[in-house]
Structures are given as structure tokens and as C-alpha cells.
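Report on the structure given below.
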Amino acid sequence: MTDAATAPLAGIKILDLTNILAGPYCCYQLGLLGAEVIKVERPQKGDLARQLGSDTALNQANMGISFLAQNAGKKSITLNLKSDEGKKILHQLVATADILVENFRPDVMQRLGLDYAALKISNPNLIYCAISGFGQEGPWKDYPAYDQIVQGVSGVMSITGDKASAPLRVGYPLADTVGGMTAAFTIAAALNAKPRGAYIDISMTDAVISTMGWVVSNHLIGGVEPAPQGNENTTSAPSGTFNCADAPINIAANKDEQWQLLAQHLDRQDLLDDANYATRELRKQNRIPLRHALEATLITKPAAHWVTQLAAIGVPVGPVLSVPQILQAEQVTQRHLLASYPHPFTDDDANDIQVVTSPAIINQQRPTATQPPPQLGQDTEQILASLGFTGDEIKKFEQEGII
């Protein structure tokens, strides 16, 4: 989005007190939509994600790839929230802000005297969002939780993979990302409330279970015991991953007419005449022999051949790509899903960093951050000066370890 003044969240200020992924991802999405995001970090080290990623030099420089991935466009101020002066400064920042997001353990902000009850004194209209593994109440609320832990307790791992490989972790931080996105849309909704002001409790576990609606309801209403199904779609058949001559493809012939088109195109009238495959329910019951029968034809041609032909006749089909392959695909490059920013430590354009930007396109423009991820504390002086602190006061804060 090129015009920051007309962005959906223009004029909204967010204090981002979060670390690692769920909280930073939440604030990154809101920032892409036009909000001003001030990342409040601990002095010296900042967000732990600054030290995480595959590039050791960037980790040592406090600009790890894990940090770069979801912090573009933010400002950074360092602040020691354990100090009395640091707490006073945070209160002053809160008075100027619309939203505060934190993902500490549930008791941390209360122990610091900076919980919602304390901060809303400085700003009664504050939207305060707390993101945690299990939420702010319940017997597990004080347990430490990372994405892996939440994937395990939520049931996700129990239904991922197949009978031989489950329980299996989803291959990216699903719980962190879903938790962060849940927080972002809830905050955006809270901005519309009148009068404004809310306390939002986001549990990553709740957020993940919410996305499992079909699995949960099939169990609670239909009495189905959730189980790993590998690459098979439990709701229909033939619907899953199929081997071709050189690579697998996904086919989702979920409707009767799609199944008929598929079988006819493969010249498999015998399957259409087979009573075992006459209905959706029968095809589901006999999905494994059906898959083997279809693969007997599919393996005679390469994946690209079948993808092109089946898509042309209206059968849902797609290649199974690696991450590098999809990032290089014209479908992604043409829609400009990636944004580029100058490398933190070199002026060579060939070394620009690339990150995923907003998943939305608004009025034919994709929102992107206007500046690269911040160096630790790079905006501290400017932000403190905007609060009325003098240069001498700021220098004193630095000497005392407050910033």
C-alpha cells in the first residue's frame, strides 16, 4: 500500500512488547495495514528472535533472520521495564498509544505492576492484548509454552502424518502463526468498539483448536475418533496425493462430476462402472484401492502433463512443490507477495533481504512496510524526545541502564 495516509489503520499506534513469533507476527500484520508499531525491547539483547536464524553473523549482530521475517516497518525502543523510570516511560507511551500487545507468561506484567488494570489508568481507551500458550486462566496457564508444545497438546500432532509417522509436528510454527493472526483480527475488531478499550486474552491453544472445527465436530457430533490420514482427504475420494511418472500431484475430485471427469479423462471407464466406486461414501470406504487404480494410469505421464490437462477440464489439481519452487512460481512473483529491503550491513543490492509481506491485496495494492526491520533501539532517542525528554535526560537513562 503506497499511500500510508489512507491505509486502513493509519493513525493507530501500537506498543509491541512481544518476543519470538506469535506477538511479533500479530503486530507485523497490523503494521502492514498502516499502524505505527513501536517495538519495546529489553536493553542489550532485545527480542530473542534477533539471535535466531540460519545466518550466524546476523544472529551475532542482533538481526537474526527469525527477527527480520516479521518486524519490517516497526520502530525500536529499548526500555528496562524492571526499573521504576522504565515503568514511568512505558506509562507515558501508553498514554499516546491505542494498543499494547504482550506475550509474556500470564503473571509477568502483573508482577511488574504493568498489567491492564495499571496501564488503563494512563489510557482508559487502551486495547490490551495478552498472547500466551494457554491463556490467562486455567490449570495450565503458568506452564511455559512454545509452538511445539501447543501443537502437541492441541491434538494437531495426533492427526498429522500417517499411522506410521504420527504424532508428527507440522513443518512450520503453526500455533504461533495462528495465534498471532487470531490476535491481529481480534484487535482490529476491538478498534471499532465504542467506547474503545478492551482486554483481550488470546490462547494459542484455543486459536489452534478453533481452526480444527471439522475434526472437532466430526468427533463430537459424528462420533469419529480423529486419526492421522497421511495425504488422504477424509471428507471425499479420490482426494489426496497421487504419484505420477516423476513427482506427486494433489487431486481433489470431491464432487461427483469431478470424479466422472477425472475417470473419463484417464480413460478409466472401468472405475466408473465399478460398484465399489458408485457413490462418494463408497469411494471413501474404498479410497486405497481407488488410489492405486488411478496411479496405475497417472504414473505413465509426468506430473506437469496431468496438472495442465486436468485443470483445463475443471478437475481440482495441483503440483506438490517445495518452498523454493513456490516462491519462484509466476503465480507468486506476479502477485508480489515478497518485499525487499536493504541488508542491515551491506549496500550491495544483490544482498537485499526478502520477507513475506501482507497476505491481502486491498484496492489492487498489497500492503508492504515502508522501512526495513529496525536495529535494536534505533528509535529510542527520537521516541523519548517526542515524549518531552531532553538530550541530557536521555543520556542519563542510558548511563543508568534504563534504555
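Ordered by the number of other Cβ atoms lying within 10 Å of each residue's own Cβ, fewest first, GLU257, GLU225 fall into the sequence GLU225, GLU257. Simple spin-label estimate for LEU220 and ASP352 gives 4.8 nm between the two label positions (7 Å along the Cα-to-Cβ direction from each Cα). Normalised by the number of residues in the stretch 166-325, the mean separation of alpha-carbon contacts (under 8 Å, six or more apart) gives a relative contact order of 21 percent.
Take every Cα pair under 8 Å in the stretch 303-356 that's 6+ residues apart, average their separations, divide by the length, and report that relative contact order as a whole percent. Walk me through the intermediate numbers first.
Working: 32 pairs, mean separation 11.7, N = 54.
About 22 percent, as a whole number.
Bridges between two residues of the chain, per DSSP, are antiparallel at a rate of about 40%. Residues whose amide H falls under 5 Å from that of ILE353, counting only those 5 or more places apart or on a different chain, are TYR341, HIS343, with hydrogens built in the peptide plane.
Kindly provide the GluC sites (Glu not before Pro) of the stretch 308-403 that DSSP labels as loop, not H, G, I, E or B, and whose Cβ sees at most 15 other Cβ atoms within 10 Å.
Values: sites: GLU330, GLU381, GLU393, GLU398, GLU400; in loops: GLU400.
Qualifying residues, ordered by number: GLU400.
Using θ = phi - 60° in the Karplus curve 6.51 cos²θ - 1.76 cosθ + 1.60, the 3J(HN,Hα) couplings for the stretch 207-212 round to 4, 5, 4, 4, 6, 9 Hz; x is entered for Gly and Pro. Counting Cα-Cα pairs of the chain in 20 Å increments starting at 0 gives whole-percent bin shares of 23, 48, 24, 5, 0.
Please identify every one of the trypsin sites (Lys or Arg not before Pro) in the stretch 147-228 that sits in a loop by DSSP and has no more than 11 other beta carbons within 10 Å of its own beta carbon. Please list the in-between numbers first.
Working: sites: LYS163, ARG169, ARG196; in loops: LYS163, ARG169, ARG196.
Qualifying residues, ordered by number: LYS163.
Using only Cα atoms and rounding to the nearest 10 degrees, what angle (0 to 90) does helix 287-298 make with the longest principal axis of the chain? Helix 287-298 sits at roughly 80 degrees to that axis.
What percent does the relative contact order of the chain come to when contacts are Cα pairs within less than 8 Å and at least six residues apart? In percent, rounded to a whole number, it is 19.
The slack in the chain from ALA61 to PHE345, taken as 0.36 nm per residue of separation less the alpha-carbon distance, amounts to 101.3 nm. If the chain linking ALA4 and LEU337 were pulled fully straight, counting 0.36 nm for each residue of separation and taking away their Cα-Cα distance, it would gain 118.0 nm. Sticking with the crude label model, points 7 Å out along Cα→Cβ, report the distance from LEU282 to GLU85 in nm, one decimal please. Simple spin-label model gives 8.1 nm for this pair.
Between ASP142 and VAL170, the C-beta separation translates, for a Förster distance of 25 Å, into a calculated FRET efficiency of about 0.45. The label point for GLU295 and the one for LEU112, both projected 7 Å from the Cα toward the Cβ, are 5.3 nm apart.
Subtracting the Cα-Cα distance from 0.36 nm times the residue separation, let me have the gained length for ASN192 to ASP392 in nm, one decimal.
Details: separation 200, 0.36 × 200 = 72.00 nm, distance 4.04 nm.
This chain segment gains 68.0 nm when fully extended.
Any read-out appearing in this document is the output of simple, stated calculations on the displayed coordinates, not a laboratory observation. Model, not experiment: these values are computed from the prediction. When we count neighbours, we look across all protein chains shown, and the Cβ atoms used for this are built from the backbone with ideal geometry, even at glycine.
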